[in-house]
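Here is the structure we will look at, set down as structure tokens.
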Amino acid sequence: MADANPVAGKAIEPRPGHESEGKPAALIAWGLYILSLPSANLLVIVGLIVAYAGRGGATGLARAHIEAQIGLFWSVFWWTILLWIGIAICGISFFAAPVTGIVLVPLALLLGLALFFLTVWFTIKSIIGLIRLFDDKAP
């Protein structure tokens, strides 16, 4: 089965290999992503390293899961950075100009709530990814 994206007029052929190559790495990465919540997000870094290490040898469904894991990490990472910057701006403005900064306190609370929901979404998405990998379905 060839990829639909041609390169220099030729279709890219998938690498030969068994469909389950890379599945252990995908399972480990999903598991570490799920365990990142009780580990203060330290295990998510280990899961990302496992995903990057397993990506080279993964084929088929396992490759799709590993690509989804890497994409999930980076999207959540940048949203987390953005939310923390917003919270920091609200905090700095509160101490720099208390009169106008007090208006930003509810915004800081909303950003903190968004950070909480982002963490919950990441964990739920990881659980669903693990279940879909066990069922041999795409992420």
Specify which of the listed residues (ILE34, ILE127) is within 15 Å of the chain's Cα centre (by Cα), in contact (Cβ under 8 Å) with a residue 40 or more places away in the chain and exposed (fewer than 15 other Cβ atoms within 10 Å of the Cβ).
-> ILE127
Is one or more of the residues making up the range 81-99 open to solvent by 30 Å² or more (accessible area, probe 1.4 Å), modelled with pLDDT of 90 or more, within 25 Å of GLY31 (Cα to Cα) and not acidic (Asp, Glu)?
-> yes
Those residues that are out of contact with any helix residue (DSSP H, G or I) (no Cβ under 6 Å at 6 or more places or on another chain) and part of a helix (DSSP H, G or I), I need them from the range 19-42; list them, please.
-> PRO24, LEU27, GLY31, LEU42
Name, by its number, the condition in (1) open to solvent by 30 Å² or more (accessible area, probe 1.4 Å); (2) without any contact (Cβ under 8 Å) to a residue 24 or more places away in the chain; (3) within 20 Å of the chain's Cα centre (by Cα) that does not hold for ILE70.
-> (1)
Hits in the range 115-129 (condition: farther than 19 Å from LEU42 by Cα and touching a helix residue (DSSP H, G or I) at 6+ places or on another chain (Cβ under 6 Å)) | GLY129
Do we have ILE89 as over 12 Å from the mean Cα position of the chain (by Cα) and assigned to a helix (DSSP H, G or I) here?
-> yes
Sort out which residues of the range 43-97 are of a type in the set (A, V, I, L, M), more than 23 Å from PHE134 (Cα to Cα) and in contact with a helix residue (DSSP H, G or I) (Cβ under 6 Å, 6 or more places away or on another chain), and write them in order of number.
-> VAL76, LEU83, ILE87
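The values are calculated or read from the model by the stated rules, or taken from the named source; none is laboratory data. What you see is a predicted model; the values in this text were computed from it and never measured. Here Cβ is always computed from backbone atoms with ideal geometry, including for glycine, and neighbour counts include all displayed protein chains. Only protein heavy atoms, including side chains, enter the accessible area calculation; ligands, DNA and RNA are left aside. Shrake-Rupley method; radii C 1.70, N 1.55, O 1.52, S 1.80 Å.
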